Each structure stands twice: as structure tokens, then as C-alpha cells.
Amino acid sequence: MGRTGSGIEVRARSIRLVFVYLGQPRRETIRVDGDPLPPTPANIKYVRGLSADLRKRLARGVFDDAAYCEFFPESEFARSMAMSAQQSLLESESELEEGTFGALADLWLMSKGRLADATRDQYATAVRFWKSLFGADTPISALTDKLVAARLGGHRWKSPKVHNNYLIALRGIFALEYRGRRSLDSPMIGVENMPVVKKLPDPLSAFERDRILADMAKHYDQRVAAYYQFMFYTGMRPEEAIALRWSDIDFSSGTARVQRVRTFRGSEREGSKTHAQRDVDLVPRALEALAAMKPYTFLKRGHGDREADVFENPVTASGWHDERSQRDHYWTPTLRRLGIRKRRSYSTRHTYCTVALMGGVNPAYIAAQAGHSPKMLLEVYARWIAGADGGEERRRLTAAMEGEVFATGSKEFFPRTSKILPQTDMSTNEKAGNPNEIKDLPALEGGRRDWTRTNDPHHVKVVL
């Protein structure tokens, strides 16, 4: 007996998993209650699934020390890692007693273990930055408000948004130290966010949308065109669509349930960006995209016993890990080929919302479809709601500015019977030798002329 080719080593009385962790080859015997798992057909099948799950996590970069201990709780290597982690915690607590900024920052990061992987990774990046800026060994008592303000002001930030995001971590670190009455001593008091210019959505027009889908159908695999067609006609976020499974689709009611997201190196969590499930109504073009995917993934199984994703990468024939691959290999080249101004692939969502609003669809309904609150939808997309009137309000404004009457309930304009200031030939008055006198000004209906002496021959004050 020996290797089966799937990372499994079947031995006479045990089964071992063979893999690479942190650049080092590892062999772990599968044990149950301390005894090796016998190599029966059922056990070998079970370990194959375990191996597939392990390799998937390794490929996505989400297999860490904690996952190692979870997979192999009776492993000597796992026990040594657990002891090492405990020792590191004790050292951090010891350093914290001495009051170093680095120890405090590490403990704050440990307190965020329940967050999504992507968020925790961003916090870890911020913590590393603050350690380098203030010094990990710097005593907390030495970080006064003056020093903090000087370091913040002296650093050249890439953007106001980066500055503000990093401040979230710094505020949390100091809040862990300065609690209760001591909060008034925090060096973060008075530190404010930098102003950020709020960018408007940048959607595509319906014409540009149709050109993009036609070009993708011509140049790429059908699965790529189907994915983007579904995105344009449902307005889902990329992290929602790539985690969609066939059990989430209800063909009888024509809806898709958004109940998980895939956000960071393939890691998944339940819910959506707003941590709430929602049902999205599927229009005919969205159902058409699903029909195109059926031959590829409908009867397919995912890793282990998990159901396969609806959409898959045509190169790997497996689900998308995130939205970067399809963006770099399909979305951006298509826009460049068509001469369409560069936009984020997230614009499929903006296009869905704006096209619907300009078509007169109820904003509250679109908010529910997109997973927004009605308030947020109105704040973000208000300028496109006006487009639903076919330009009527703009014509009203033009008529008002031109001094015309717009009949209520009609689209006809009626000019006023008189003009306040008719056109006059000023050169005639100037030739008469009096540049300050305006002649030939007709009497105004129902009003009088008042004159203001100025050096401007065009200045006339009219009182009605």
C-alpha cells in the first residue's frame, strides 16, 4: 500500500495525509481517540474528503495554525504550536505589564478574532504600520497627544481614506488602554478624520452594457458572458454572486436568495455585506444567464460534500475565489477593446440600479433588491431618479429661467406678454453724447422706472 495520488498515504494499519505547510512537507496520521484510523474503504473515502478540504484551504491561504490544530488535534506538531501560541500570549501580557505599544496593539488585534478574515487582515496591516511609526517597544506612557499628532501630521498618507481606515485600528488600540475615567487621558482625543471626497457612482449606459455583453459572448467562454449578464441584470455584489449555489435559486418563484459571501482568499461567511439575507427577483435576462450555466455546474459537486457554485472559472472549472481574476482577464480587456472608459467591475451593480431608476421603477423596491436601505439608495442614486421623467423637470427649469409659463399637466410653453428688459442699442445713446441715458425704453405694464446713478450705462433698477 502507499500513496493514492490525492495527498493520502494508505499504510498497513493507518492513513496519513501528506501536504506542505509553511513551505515544509508534513505527514500527519489520522487518529481517533489516540488510535490510528484503520484503512478501511469507508475511512479512506472519508480521508479523501478531508484531504480535498485541506488542499482547498491551503490554496486559498486560509489554513493557519488554528486550522491545523482543528484538523489534527492529536498531532505532536499541533500541540507544539498551541504551546508556542500560549507562550507568545504570556510574553505579550508580560510586555503589556511593562506598558509597550506593540504588546497593546497585539492584544487589541487578538480581540478581533471574531471578525471576517478580510477585515482582520486589514486590521493586521494597520497594526504593523502603527508599530513601525510609533515603535513596538515604545512605552505607552511616552505616546502623548503631542507626539501622536506630530507623527500623524508628519506622515505622507497615500489618501485620506487610508488615513481614516488606519485610525480605526489606532483608536481601538488606545481605547483598550484608556477605559472609563482614563478615556479622557487618551492621546487620540482631538484626532479627527481627514475629509474624503464622496465619489458618485459611475454606471454604464444600457447601450454600453449591451455592447459589453455582446463582445464578451464573441471573445470569451460562455461561462464568462453568463456571469456578467447575471451581474448586470441582478445588481448583486461580486462577493455575493460568486458564492451563489443552485440551492439558492427558486425557479418556481423566479428568485435567488443571497445568504453567503466569499470575500477573502476564498473564505466564506453567512449573510451578505449587511449581514442579512435577501431574495432577488430574477428578470428574464438573469434567468437566461442561469440557463447558460446549467450544463456546466447544475449537476456538479464541489469540494467534499459541498454543492458546486452556480458560476465557475472556465480555466480551472471551479468556483471563483474572488472578483479579481474575472476583472483582470475579462472585464478590463473588454472595456479597453470597445473604447469604453475604464470602470470598476462593481459598475455592473451601479448600472442595474440607475437603469431601473431611470426606467421609473419604485426606489424602495430597487433598494430591497440591491440590499440597500431606501435612505442610502436615495442618497447615492438621487440624481438618476430625475431621469425617470424623460427630462420633463429639466424642461420646466429651462422654461422658468427663460421667463416662460409651463402649463400644468401639459408640455407646452407659453411666452410672457412682456419683457422686463428689452434689447436696446446703446451705441445710439452714446453717439448722442450722453452715455448714462438709455432712450427708447418702452413703458412697462403695471410698473414704473426708478433710476440709479452709476457709471454703468447698462444699469437700470426696475420696480414693479
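Here are the numbers for the structure shown:
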| read-out | value |
| --- | --- |
| Inter-residue pairs, beta-carbon under 6 Å, first in the same structural domain as Thr119 (by TED's automatic domain parsing) and free of Cβ contacts under 8 Å to residues at least 12 places away in the same chain and in segment 157-179, second surrounded by 15 or more Cβ atoms within 10 Å (Cβ to Cβ) and not hydrophobic (A, V, I, L, M, F, W, C), 6+ apart | Tyr178/Ser186 |
| Tally, over segment 157-184, of residues that are in contact with a helix residue (DSSP H, G or I) (Cβ under 9 Å, 6 or more places away or on another chain) and not β-branched (Val, Ile, Thr) | 14 |
| Any chance Ala241 is in contact (Cβ under 8 Å) with a residue 24 or more places away in the chain and within 24 Å of Ala118 (Cα to Cα) | yes |
| Residue match in segment 316-335 (condition: aliphatic (A, V, I, L, M), surrounded by 18 or more Cβ atoms within 10 Å (Cβ to Cβ) and assigned by TED's automatic domain parsing to the domain that holds Tyr228) | yes |
| Residue check, Arg349 outside any loop (DSSP other than H, G, I, E, B), under 25 Å from Lys218 (Cβ atoms), out of contact with any Cys (no Cβ under 8 Å at 6 or more places or on another chain) and at pLDDT 95 or above | no |
| Meets criteria (surrounded by 11 or more Cβ atoms within 10 Å (Cβ to Cβ), in contact with a helix residue (DSSP H, G or I) (Cβ under 7 Å, 6 or more places away or on another chain) and at pLDDT 85 or above) for Val361 | no |
| In segment 176-197, the residues that are aromatic (Phe, Trp, Tyr) and within 32 Å of the chain's Cα centre (by Cα) | none |
| Index of the failed condition, Lys158 passing every other in (1) modelled with pLDDT under 90; (2) outside any loop (DSSP other than H, G, I, E, B) | (2) |
| Matching residues in segment 142-167 - criterion: being surrounded by 13 or more Cβ atoms within 10 Å (Cβ to Cβ) and under 19 Å from the mean Cα position of the chain (by Cα) | Pro160, Lys161, Val162, His163, Asn164, Asn165, Tyr166 |
| Failed item, numbered, when Ile173 is tested on (1) surrounded by 17 or more Cβ atoms within 10 Å (Cβ to Cβ); (2) in a loop (DSSP other than H, G, I, E, B) | (2) |
| Options Ala407, Ala399: the member that is surrounded by fewer than 13 Cβ atoms within 10 Å (Cβ to Cβ), at pLDDT below 90 and over 18 Å from the mean Cα position of the chain (by Cα) | Ala407 |
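The values are calculated or read from the model by the stated rules, or taken from the named source; none is laboratory data. None of the values given here were measured: they were computed from a predicted structure. Quick reminder, even Gly has a Cβ in these numbers, built from the backbone with ideal geometry, and neighbours come from all protein chains shown.
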